[in-house]
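See structure below.
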Amino acid sequence: MDASTTVALNDGVETPRLGLGVFQVGPDEAAAAVRTALQAGYRMVDTASVYGNEKGVGRGIAESGVAREDVVVVTKVWNDDQGYDATLRAFDASAAALGLDYVDQYLIHWPRPRLGLYPQTWRALCRLRDEGRVRSIGVSNFEPEHIERLIAETGVAPAVNQVELHPGLHQGRIRAFHADHGIVTQAWSPLGRGQGFLSHRAVAAVAEAHGRTPAQVVLRWHLQLGVVPLPKSVTPERIRGNLDVFGFELDAAEMDLLTDIGDGYRVGPDPSLLFDVS
Ligand SMILES: NC(=O)C1=CN([C@@H]2O[C@H](COP(=O)(O)OP(=O)(O)OC[C@H]3O[C@@H](n4cnc5c(N)ncnc54)[C@H](OP(=O)(O)O)[C@@H]3O)[C@@H](O)[C@H]2O)C=CC1
Ligand SMILES: O=C[C@H](O)[C@@H](O)[C@@H](O)[C@H](O)C(=O)O
């Protein structure tokens with residue numbers, strides 16, 4: 001792994017500063033995208049059992065020629081599999097589909113507080129980590145209140161929380177909470193799903209000033225906020241371009257231009273509206 005592009009998690013494990021997402025990508029296309037990404041220098045891939053492409057991701061890793069230990073594989077337990085025993089079974093199924101005997105980061109995909117199962121799900125993740133089948137454990141779409149409950153009941157803080165985050169949705173409250181607890185913020189839909197603000201005039205102006213693409217300056221904004229973005233692409237030149245974001249810097253005024261695009265614009269479900277926070 002390239003040390004200049006890694007960050008230490010609160011459990012001591014190093015994680016890359018950017019990874020490839022594969023939501024809404026079929027298994028064969030996922031295999032090709034993962035192979036292309038790893039050969040281009042990516043060292044992290046984000047999937048989930050609900051994406052239905054873990055088998056393809058595993059194939060892409062195997063075909064890439066990159067050593068297994070140099071790749072950080074992230075997958076997630078889906079809502080229907082919450083609870084202690086169901087989560088252990090779901091992990092076995094994910095590991096088998098990926099063709100891996102361990103997973104680097106295993107996350108709870110959504111808290112689903114009405115089900116009341118996420119603390120038990122978390123205990124199962126702690127067990128998987130203790131057994132060495134998972135290197136780091138984390139959550140996704142968790143509000144600070146959900147994480148506080150995990151810490152109160154188990155004493156174990158997540159290493160990461162993966163949330164929707166882009167220049168249209170800054171997640172200031174969640175990022176401040178993460179900073180207090182040493183939790184790394186992973187950004188899903190870091191490009192706003194490729195819509196809208198990639199063509200915003202502020203993004204275009206900053207991109208032009210640097211001779212970069214709109215996606216590259218948006219990804220740079222994430223990195224300079226200390227966030228780990230997980231851009232998805234199945235297009236080889238975009239996959240390669242989205243990684244080429246470590247050789248330039250936005251100044252404070254340019255960061256502000258991107259931040260000023262707005263806040264509160266979501267491309268995915270709002271966890272705090274979908275599920276009661278308890
Ligand atoms: N934990 C969770 O609940 C969630 C997690 N995620 C994770 O986050 C990842 C990223 O989020 P996602 O919703 O996929 O959206 P992204 O913000 O990554 O946007 C992906 C879209 O942007 C396009 N794109 C990628 N690179 C460029 C570029 N350089 N220029 C122009 N367009 C580009 C892609 O097109 P193309 O592929 O055709 O090149 C695709 O249409 C997911 O794949 C998944 O791994 C996502 C949603 C929820
Ligand atoms: O990771 C992907 C996302 O969480 C996705 O699975 C959900 O947003 C789903 O479409 C939903 O509506 O709940």
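Across the range 63-81, the qualifying residues are those that are within 16 Å of ligand 1 (Cβ to nearest atom) and over 18 Å from residue 13 (Cβ atoms), and the one among them that is surrounded by the most Cβ atoms within 10 Å (Cβ to Cβ) is 77. Listed by first and then second residue, the pairs linking a residue in the range 97-112 that is among the β-branched types (Val, Ile, Thr) to a residue that is surrounded by fewer than 19 Cβ atoms within 10 Å (Cβ to Cβ), with Cβ atoms under 8 Å apart and 6 or more places separating them unless they lie on different chains, are 103/133. For the range 210-250, what are the residues that are over 20 Å from residue 169 (Cα atoms) and assigned to a loop (DSSP other than H, G, I, E, B)? 211, 212, 213, 233, 234, 235, 244, 245, 246, 247, 248, 249, listed by residue number. The criterion of being of a type in the set (D, E, K, R), within 16 Å of ligand 2 (Cβ to nearest atom) and within 18 Å of residue 100 (Cα to Cα) holds for residue 54. Within the range 161-177, being in contact with a strand residue (DSSP E or B) (Cβ under 6 Å, 6 or more places away or on another chain) and either acidic (Asp, Glu) or crowded, with 23+ Cβ neighbours inside 10 Å (or both) holds for 161, 162, 164, 165.
Scanning the range 178-207 for residues that are assigned to a helix (DSSP H, G or I), within 16 Å of ligand 2 (Cβ to nearest atom) and open to solvent by 40 Å² or more (accessible area, probe 1.4 Å) yields 193, 194.
Residues in the range 82-103 include none that are among the β-branched types (Val, Ile, Thr) and under 19 Å from residue 187 (Cβ atoms). In the range 143-160, of all residues being within 16 Å of ligand 1 (Cβ to nearest atom) and over 15 Å from the mean Cα position of the chain (by Cα), the one that is surrounded by the most Cβ atoms within 10 Å (Cβ to Cβ) corresponds to 146.
So which of 149, 129, 193 ends up being touching a helix residue (DSSP H, G or I) at 6+ places or on another chain (Cβ under 9 Å) and among the charged types (D, E, K, R)?
The unique qualifying residue is 149.
Entry remark, the range 125-142: residues being without any contact (Cβ under 8 Å) to a residue 24 or more places away in the chain and either open to solvent by less than 10 Å² (accessible area, probe 1.4 Å) or within 16 Å of ligand 1 (Cβ to nearest atom) (or both) number 0 in total. Looking at the range 123-142, which of its residues are in a helix (DSSP H, G or I) and under 18 Å from the mean Cα position of the chain (by Cα)? Residue satisfying the conditions is 125 alone. Figure legend. Inter-residue proximity from the range 162-184: first residues within 18 Å of residue 19 (Cα to Cα), second residues open to solvent by less than 20 Å² (accessible area, probe 1.4 Å) and of a type in the set (Asp, Glu), beta-carbon distance below 9 Å, spacing 6+ or different chains. Indicated pairs: 162/46.
Here residue 50 clears all of (1) of a type in the set (A, V, I, L, M); (2) open to solvent by 10 Å² or more (accessible area, probe 1.4 Å); (3) in contact (Cβ under 8 Å) with a residue 60 or more places away in the chain except the condition numbered (3).
Checking the range 208-225 against the condition returns no match, with no residue being among the basic types (Lys, Arg) and exposed (fewer than 14 other Cβ atoms within 10 Å of the Cβ).
The values are calculated or read from the model by the stated rules, or taken from the named source; none is laboratory data. Computed from a predicted model, the values in this text were never measured in an experiment. Cβ atoms come from the backbone with ideal geometry, glycine included; neighbour counts cover every protein chain shown. The area values use the complete protein model at the heavy-atom level, side chains included, leaving out ligands, DNA and RNA. Shrake-Rupley method; radii C 1.70, N 1.55, O 1.52, S 1.80 Å.
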